[in-house]
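Undergrad: Quick one: the structure is below, and I'll ask about it shortly.
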Amino acid sequence: MTLPKSLQNREFRSTRWGVLSERLIVISLALCATATVLITIGIIYMLITQSAGFFRSDAVTMSGFLTDTEWTALQSKDLAQAKFGIMPLLSGTFRVTLIAMIISLPLGLITAIYLSEFASAKIRSWLKPTLEIIAGVPTVVLGYFAILVISPSLQLFSDGAFSTFNATSAGIAVGILCLPMVCSLSEDAMRAVPRSLREGAYGLGCTPFETSVKVVVPAALSGIISAFLLAFSRAIGETMVVALAAGTLPTMTLDPTQQAQTMTGFIVEMIKSESEYGTVQYYSLYAVAVTLFTITFLMTLVGQIIRRRFKESYQ
Amino acid sequence: MSSMPDAIVKQDAKYLADNARRRKRFSLWFYFLCVAIALISVVILIFLMASIWSQGHSRLSSDLLTRSHSELEIERSGMWPSILGSLFVCGTCAVVALPLGVGTAVFLEEFQPTNKLLRWIHGFVQLNISNLAGVPSIVYGLLGLTVFVYMFNVFGQIRVNESAGMEIMGYKHFYQVLTLEPGHVVFVPQSDPTKRQTTFDEPFQAVDPDGNSIEISIWTPGTPKPSDPAIRRQTVRAGAIGGTITERSWYYFRLPFDKSFLSAGLTLALVILPIIIISSQESLRGVPSSLREASMGLGATTWQTVRDVCLPAALPGIMTGAILAMGRAIGEAAPILVVMGAAVAKSTGPKHLMDDAVTMPVLIFNWAGRQQDEFKELSAAAIIVLLVVLLLLNSTAIYIRHHVQKAQS
């Protein structure tokens, strides 16, 4: 049997070059992906090697770092008098974060319920962009808003009980910042709940309130919790708002009217002070960054795992 | 007949009706609560915009857009260098982050491995990217400070007014020496890079500020001093001391990068890389697999499919994500503050690759933290300019999302 004429005369091109270039492209794309792993390794390596310069110093002990209640890395230029206890910075961070969460979690969750369960398409079409705009406002702008509007109004309403820079105004601004994030992530989770569940609930005689709170929210709980955790880690890592509005004094109280230097706020102040490279005070920057990174990384990791592991699938 | 449960047999009609009414009323109240709380975010936004506008609108002038920061003339301070600086920093950031991000997204989405070990690595990289997106931007700032600004001190520290580190290209060192004509200097190319000063006793070849090569003669004190300005410009007192000065071309390059706009741009690229990867992945995932299968069925290789089918189809989504990420980059202050410091005195844009720069958010941060009311108002005005830029970017993104996507489908 002979081949048809068209195939007999055909010249087949070698695919060797094609295979080679294909392989080169795949390798270069893989290198791009490796870059992201390198960034993580870079962050961890940088934090460990640089903070070693801090922990190796005689003025610092690990237990003192974790338990001391004073942090004077910026105030005392003399190393002998400097106190390195992370607690005041942690306390400041958690005061600001707590206030931010008190604002953003309920508001974000209820707005998300409204958007996914009640709002008409028309209301959605302008409420969603509003939230997107708030999410896109640079954080330094919210920091300015905190010192320009929130702090003076707090002082006005409380007859000056709040100091000019205080944890509450920063917390409120950070809360505004986290609100769109909580809202859009929880809404995504709730919209992924199949319609049949809602119809089942309505068929059994549930009111809209009962359907959304007792059926949809529990069904979307893994997504909602991971949204909360992500917002929490965002609030802890927020920098510009606290640098502007929370003050520069590390305090160890529960009083939200006082100044509260946070971990990120301290890093900014340290950079601004242009302290000499290589001193223990300078390296304390990295010790604070290690703490910050560990907390946020764990939060994000747990959030991701919850979202993946406990995702309800309706097939 | 099977017996009914008690709860159904002993129904109390009045109780049930009351209960239903109560639940319905409660549900209605909940609805109103939802509306009210959803409105709060709108109110916050309006309030935010209104308060910034009322503070800053009086300072919106051509001075703001064309002049630079000034401690002496607070009234006439402006933000022109910071606009240029933001442009340079974000340009660098885009040039680095876009190819890297889209490349990673393509690799993760289109080249999914079948091997078990590779699949595990794939999942790990994916988890790693989601985690990177959650790392606070200030940590990236510290990474940039250590890796780009100081490079772990491998090349030595850079001190003020000293060209330390390892210079690679685009620089010329000169000795600068005063001539007899007051205020006039000539330059002598530096031969020994370690010698920071030199003394002139012999006639020598030099370059005048216009770039002409001239012969310089020496005047010894005690002999008659030349009076003709042209000669005085070519004469140097014996024993005059020349200090070094460096002329840098735009491509001046050295290691480490020091507090330059290049360091800042690279650091910002790290910050927005996860965002670009995630949004590009989502738009690639949105490309129907029938398109891929058709292309593969026609004999295209995976890369040909990606290049000619998937990427064009996903382009509007990728561009939208990229523009939104750039919006994030323009507004980001913390990493830039860490990398370049909080100084805002610079009066021009960056002149060479290693030059420092001021960006808009850092300028706003600096002004907002000052005591003077003028600076607070200027800060609000600068915020308005920044928000207008962001608005333009975001509306481009929305335009692309709505129109280009519609045209394609």
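Undergrad: Could you tell me which residue of segment B:259-293 is surrounded by the most Cβ atoms within 10 Å (Cβ to Cβ), considering only residues that are more than 20 Å from the chain's Cα centre (by Cα) and not in a helix (DSSP H, G or I)?
TA: Across segment B:259-293, the extreme among qualifying residues is B:VAL287.
Undergrad: Specify the residue that is nearest to B:VAL43 (Cα to Cα); the eligible residues are those in segment A:90-145 that are surrounded by fewer than 21 Cβ atoms within 10 Å (Cβ to Cβ) and of a type in the set (Phe, Trp, Tyr).
TA: That would be A:TRP126.
For every residue, the table says whether it meets (1) in a loop (DSSP other than H, G, I, E, B); (2) aromatic (Phe, Trp, Tyr); (3) under 30 Å from B:GLY134 (Cα atoms).
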{"site": "A:SER21", "(1), (2), (3)": "no, no, no"}
{"site": "A:THR34", "(1), (2), (3)": "no, no, yes"}
{"site": "A:ILE43", "(1), (2), (3)": "no, no, yes"}
{"site": "A:ALA52", "(1), (2), (3)": "no, no, yes"}
{"site": "A:ALA59", "(1), (2), (3)": "yes, no, no"}
{"site": "A:PHE65", "(1), (2), (3)": "no, yes, yes"}
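Undergrad: Take the conditions at pLDDT 90 or above and either away from chain A (no Cβ under 11 Å) or assigned to a loop (DSSP other than H, G, I, E, B) (or both) and apply them to B:ALA345. Does it pass? Spell out how you get there, then give the answer.
TA: Values: at pLDDT 90 or above: no; either away from chain A (no Cβ under 11 Å) or assigned to a loop (DSSP other than H, G, I, E, B) (or both): yes.
Judged against the criteria, B:ALA345 is not a match.
Undergrad: Let me ask something else about it. Out of the residues in segment B:120-152 that are without any contact (Cβ under 8 Å) to a residue 40 or more places away in the chain and of a type in the set (S, T, N, Q), which is nearest to A:ILE43 (Cα to Cα)?
TA: That would be B:THR146.
Undergrad: Another one. Working only within segment A:296-312, note down all residues that are surrounded by fewer than 19 Cβ atoms within 10 Å (Cβ to Cβ), of a type outside the set (A, V, I, L, M, F, W, C) and within 9 Å of chain B (Cβ to nearest Cβ).
TA: A:ARG308
Undergrad: Take the residues in segment B:48-60 that are loosely packed, with under 14 Cβ neighbours inside 10 Å and under 20 Å from B:LEU391 (Cβ atoms); name whichever of them is farthest from the other protein chains (Cβ to nearest Cβ).
TA: Quick first cut of segment B:48-60, residues loosely packed, with under 14 Cβ neighbours inside 10 Å only: B:50, B:54, B:57-58.
Now drop any that are not under 20 Å from B:LEU391 (Cβ atoms), which leaves B:50, B:54, B:57.
Working: B:ALA50: 10, B:SER54: 10, B:HIS57: 14 Å.
Ranking the candidates gives B:HIS57 first.
Undergrad: Then there is this: Which of the residues spanning segment B:133-144 are assigned to a helix (DSSP H, G or I) and surrounded by fewer than 24 Cβ atoms within 10 Å (Cβ to Cβ)?
TA: Those that are assigned to a helix (DSSP H, G or I) and surrounded by fewer than 24 Cβ atoms within 10 Å (Cβ to Cβ): B:ALA133, B:GLY134.
Undergrad: Just to verify a result, which residue in segment B:294-317, among those that are among the β-branched types (Val, Ile, Thr) and within 14 Å of another protein chain (Cβ to nearest Cβ), is nearest to the chain's Cα centre (by Cα)?
TA: Ranking the qualifying residues of segment B:294-317, first place goes to B:VAL306.
Undergrad: Would you confirm whether or not segment A:217-228 contains a residue that is more than 7 Å from chain B (Cβ to nearest Cβ) and not in a helix (DSSP H, G or I)?
TA: Taking segment A:217-228 and keeping what is more than 7 Å from chain B (Cβ to nearest Cβ), we get A:217-228.
Restricting the remaining residues to those that are not in a helix (DSSP H, G or I) gives A:220.
Within segment A:217-228, one or more residues are more than 7 Å from chain B (Cβ to nearest Cβ) and not in a helix (DSSP H, G or I).
Undergrad: Filtering segment A:262-282 down to residues that are modelled with pLDDT under 90 and either away from chain B (no Cβ under 14 Å) or buried (at least 24 other Cβ atoms within 10 Å of the Cβ) (or both), which residue is nearest to the chain's Cα centre (by Cα)?
TA: Per the criteria, the residue is A:GLN281.
Undergrad: If only one of A:THR111, A:THR168, A:THR93, A:THR130 is more than 12 Å from chain B (Cβ to nearest Cβ), β-branched (Val, Ile, Thr) and not in a loop (DSSP other than H, G, I, E, B), which one is it?
TA: Values: A:THR111 fails: more than 12 Å from chain B (Cβ to nearest Cβ); A:THR93 fails: more than 12 Å from chain B (Cβ to nearest Cβ); A:THR130 fails: more than 12 Å from chain B (Cβ to nearest Cβ).
One residue alone meets the criteria, A:THR168.
Undergrad: If you don't mind, another one. Take B:SER41 and tell me if it is touching a Leu at 6+ places or on another chain (Cβ under 8 Å), within 14 Å of chain A (Cβ to nearest Cβ), of a type in the set (Ser, Thr, Tyr) and surrounded by 19 or more Cβ atoms within 10 Å (Cβ to Cβ).
TA: Details: touching a Leu at 6+ places or on another chain (Cβ under 8 Å): yes; within 14 Å of chain A (Cβ to nearest Cβ): yes; of a type in the set (Ser, Thr, Tyr): yes; surrounded by 19 or more Cβ atoms within 10 Å (Cβ to Cβ): yes.
Yes, satisfied.
Undergrad: Give me a count of the residues in segment A:237-260 that are away from every other protein chain (no Cβ under 14 Å) and among the aliphatic types (A, V, I, L, M).
TA: Final tally of qualifying residues: 4.
Undergrad: Here is a check on your reading of the model: is B:LEU100 more than 12 Å from chain A (Cβ to nearest Cβ) and part of a helix (DSSP H, G or I)? Don't jump to the end; show me each part of the working.
TA: Working: more than 12 Å from chain A (Cβ to nearest Cβ): no; part of a helix (DSSP H, G or I): yes.
Answer is no for this residue.
Undergrad: State which residue is farthest from B:TYR140 (Cα to Cα) when the search covers only segment A:41-58 and only residues that are modelled with pLDDT under 85 and surrounded by 15 or more Cβ atoms within 10 Å (Cβ to Cβ). Talk me through it step by step, then tell me what you get.
TA: Here is the first cut: in segment A:41-58, the ones modelled with pLDDT under 85 are A:53, A:57-58.
Within this subset, residues satisfying the condition of being surrounded by 15 or more Cβ atoms within 10 Å (Cβ to Cβ) are A:53, A:57.
Values: A:GLY53: 19, A:SER57: 25 Å.
Within segment A:41-58, the match that is farthest from B:TYR140 (Cα to Cα) is A:SER57.
Undergrad: Another question about this same structure. Let me spell it out: the conditions are (1) part of a loop (DSSP other than H, G, I, E, B); (2) within 12 Å of the chain's Cα centre (by Cα), and B:ILE330 meets all of them except one. Which number is the exception?
TA: With (1) part of a loop (DSSP other than H, G, I, E, B); (2) within 12 Å of the chain's Cα centre (by Cα) applied to B:ILE330, the lone miss is (1).
Undergrad: Taking interchain pairs and intrachain pairs at least six residues apart, which have beta carbon atoms under 7 angstrom, with the first residue in segment B:105-119 and at the interface with chain A (Cβ under 10 Å from one of its Cβ atoms) and the second of a type in the set (Val, Ile, Thr) and surrounded by 10 or more Cβ atoms within 10 Å (Cβ to Cβ)?
TA: Short answer, once both residue conditions are applied: B:ALA105/B:ILE277; B:VAL106/B:VAL306; B:LEU108/B:VAL125; B:GLU110/B:THR302; B:GLU110/B:VAL306; B:PHE111/A:VAL26; B:PHE111/B:THR302.
Undergrad: Check A:PHE84, A:PHE157 and return the single one that is aromatic (Phe, Trp, Tyr) and in contact with an Asp or Glu (Cβ under 9 Å, 6 or more places away or on another chain). Reasoning before the result, please.
TA: Working: A:PHE157 fails: in contact with an Asp or Glu (Cβ under 9 Å, 6 or more places away or on another chain).
Among A:PHE84, A:PHE157, only A:PHE84 is aromatic (Phe, Trp, Tyr) and in contact with an Asp or Glu (Cβ under 9 Å, 6 or more places away or on another chain).
Undergrad: Does at least one position in segment A:147-156 carry a residue that is assigned to a loop (DSSP other than H, G, I, E, B) and farther than 16 Å from B:LEU48 by Cβ? Even if it seems obvious, please write down each step before you answer.
TA: Start the filter on segment A:147-156 by keeping residues that are assigned to a loop (DSSP other than H, G, I, E, B), which leaves none.
Scanning segment A:147-156 turns up no residue that is assigned to a loop (DSSP other than H, G, I, E, B) and farther than 16 Å from B:LEU48 by Cβ.
Undergrad: Just need a number here: residues in segment A:111-142 that are touching an Asp or Glu at 6+ places or on another chain (Cβ under 6 Å) and either without any contact (Cβ under 8 Å) to a residue 12 or more places away in the chain or farther than 29 Å from B:LEU386 by Cβ (or both).
TA: Kept after step one, since they are touching an Asp or Glu at 6+ places or on another chain (Cβ under 6 Å), are these residues of segment A:111-142: A:112, A:115-116.
Next cut, either without any contact (Cβ under 8 Å) to a residue 12 or more places away in the chain or farther than 29 Å from B:LEU386 by Cβ (or both) only: A:116.
Qualifying residue count for the region: 1.
Undergrad: How many residues does segment B:61-73 hold that are surrounded by fewer than 16 Cβ atoms within 10 Å (Cβ to Cβ), touching a helix residue (DSSP H, G or I) at 6+ places or on another chain (Cβ under 7 Å) and of a type outside the set (S, T, N, Q)? First the steps, then the outcome.
TA: Within segment B:61-73, the first condition is being surrounded by fewer than 16 Cβ atoms within 10 Å (Cβ to Cβ), and the residues that meet it are B:61-62, B:65-66, B:70-73.
Applying the additional criterion that residues be touching a helix residue (DSSP H, G or I) at 6+ places or on another chain (Cβ under 7 Å) yields B:65-66, B:70.
Those still in the list that are of a type outside the set (S, T, N, Q) too: B:65.
Qualifying residue count, segment B:61-73: 1.
Undergrad: A further question follows. May I ask you to say which residue of A:CYS183, A:CYS206 is over 30 Å from B:SER54 (Cα atoms) and within 12 Å of chain B (Cβ to nearest Cβ)? Spell out how you get there, then give the answer.
TA: Details: A:CYS183 fails: over 30 Å from B:SER54 (Cα atoms).
None of the other options fit; the residue is A:CYS206.
Undergrad: Turning to a different aspect of this structure: Mind checking whether some residue in segment B:144-161 is closer than 30 Å to B:LEU393 by Cα and among the aliphatic types (A, V, I, L, M)? Working first, answer last.
TA: Here is the first cut: in segment B:144-161, the residues closer than 30 Å to B:LEU393 by Cα are B:144-145, B:148-149.
Those still in the list that are among the aliphatic types (A, V, I, L, M) too: B:145, B:149.
Looking for residues that are closer than 30 Å to B:LEU393 by Cα and among the aliphatic types (A, V, I, L, M), one finds at least one in segment B:144-161, hence yes.
Undergrad: Out of curiosity, is B:VAL389 modelled with pLDDT of 90 or more and more than 11 Å from chain A (Cβ to nearest Cβ)?
TA: Numbers: modelled with pLDDT of 90 or more: yes; more than 11 Å from chain A (Cβ to nearest Cβ): no.
The answer is no for B:VAL389.
The values are calculated or read from the model by the stated rules, or taken from the named source; none is laboratory data. Quantities reported herein were computed from a predicted structural model and do not represent experimental measurements. With ideal geometry, Cβ positions are generated from the backbone for all residues, glycine too; neighbour counts draw on all protein chains shown.
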